[in-house]
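Visitor: Just dropping this structure here.
The values are calculated or read from the model by the stated rules, or taken from the named source; none is laboratory data. As the structure is a computational prediction, the values presented were derived from the model and not from experiment. Please note: Cβ atoms are built from the backbone with ideal geometry, for glycine as well, and neighbour counts cover all protein chains shown. The accessibility values were calculated without ligands, DNA or RNA, using every heavy atom of the protein model including side chains. Shrake-Rupley method; radii C 1.70, N 1.55, O 1.52, S 1.80 Å.
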Amino acid sequence: MLDSRLLSIANLTYVRIMKDELVVKCKLYVQNRDILKSEFKWASSNMLPLCAYMYTQKGRKVDAVRIEECRQIIMKHIGVFSKVKGQEEIPLATLLSLETSAEKAFARRVEVYRLLKKEFETTSYLPIIAFAMVGAASSNTVDYAKVISRAKRLEEQIQSEFAGNQIAECSGISVLLALSGKSEDKLLEDLKMAYGLFSNLELEESSIPMLCYAIIVGQGEVLDSCEKVMSAYSILAKRRIKLQRVGEMTALELVANSQQQVEDYINDSMEMNTYLKEQKGFDLLSISSAERHMFSLMLAADSNRQYLETQIVLIAAVYSTMLVAVLD
């Protein structure tokens, strides 16, 4: 049997290694944000931390040249995506730049966007839904027309079940839920459960739909995931950290789908937040405390992403963060 002192040393060594890993990730994140800020001075400062996160979560240094190439691809077809605003160009181009073949990936999104316009009102966030939908799909052989038809049925059922609530006005949630392998009855059952539980938290009503979505399509049981969200919310509130807005739900979406203990997860994120707060561009004069905590929680999630079989929850996170700029 190992001496208890050796076990203590082993545990301390493990903690030290984990701390080093978090520091490395924070440094890459700051570097990526700095590159984007330098290369895209005209871009919305609210979007750059999100774009930096997209590359950091893959362990990659930002490729500004490729992002600009992808932005040009989008701009060439701006007639198709006429609802895309300037502040959305960079995050959409960043998502596209992470694809193996940007031209083909964009063509799929254009095709899906055209299909969506046949069934849903053309709004400023419909292009984001098209990007999110393709990104969340499990393969390149998805029958998007069939999925969108299912989404329309789900939207009608959601509007009937949740009449008068914000969730009934969120077309995006029905489209993304339609990609799930669950039956429509099961999706509605899970949605009712999640919505009922989250309505008891001090959240902006507009933030609840995407949080529900991420819970429902995640790998865990819906009730267990809801309880993890409520636990995380409670722990953060005790530390005087309030995440309430739609974009800030990104953090809770990823916490809910983690296999790590909630308190350990949050402790990791607090260390990352402390590090980021000392970096130029992440202090109180540059970014809100809630937003910095949100990105710290998102970065902490990446250390434990083996449980994710697809990009579906991550896409939900990116999508809900982008919605802040669109809806504000």
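Visitor: Which one of these does Leu187 not meet: (1) modelled with pLDDT of 90 or more; (2) outside any helix (DSSP H, G or I)?
Guide: (2)
Visitor: Does Ala52 satisfy the criteria of being open to solvent by less than 80 Å² (accessible area, probe 1.4 Å), touching a Lys or Arg at 6+ places or on another chain (Cβ under 9 Å) and modelled with pLDDT under 90?
Guide: Here the answer is no, as Ala52 does not meet what is asked.
Visitor: Right, next: Quick test of your reading of the structure: Ser160 fulfils all but one of (1) modelled with pLDDT under 90; (2) under 30 Å from Val30 (Cβ atoms). Name the failing condition by number.
Guide: So Ser160 meets the others, but not (2).
Visitor: What number of residues within segment 291-304 satisfy the criterion of being closer than 20 Å to Arg245 by Cβ and open to solvent by 20 Å² or more (accessible area, probe 1.4 Å)?
Guide: Looking only at that region, the number is 1.
Visitor: Can you tell me which residue within segment 59-86, out of those that are basic (Lys, Arg) and surrounded by 15 or more Cβ atoms within 10 Å (Cβ to Cβ), is modelled with the lowest pLDDT?
Guide: In this case the residue turns out to be Lys83.
Visitor: Which of the residues spanning segment 197-252 are out of contact with any Leu (no Cβ under 7 Å at 6 or more places or on another chain), open to solvent by less than 30 Å² (accessible area, probe 1.4 Å), under 22 Å from Ser180 (Cα atoms) and part of a loop (DSSP other than H, G, I, E, B)?
Guide: Matches in segment 197-252: Gly218 only.
To keep it simple, each residue is scored yes or no on (1) free of Cβ contacts under 8 Å to residues at least 24 places away in the same chain; (2) surrounded by fewer than 13 Cβ atoms within 10 Å (Cβ to Cβ).
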{"site": "Gln260", "(1), (2)": "no, no"}
{"site": "Tyr265", "(1), (2)": "no, no"}
{"site": "Asp268", "(1), (2)": "no, no"}
{"site": "Thr274", "(1), (2)": "yes, yes"}
{"site": "Lys277", "(1), (2)": "yes, no"}
{"site": "Phe282", "(1), (2)": "no, no"}
{"site": "Ser289", "(1), (2)": "no, no"}
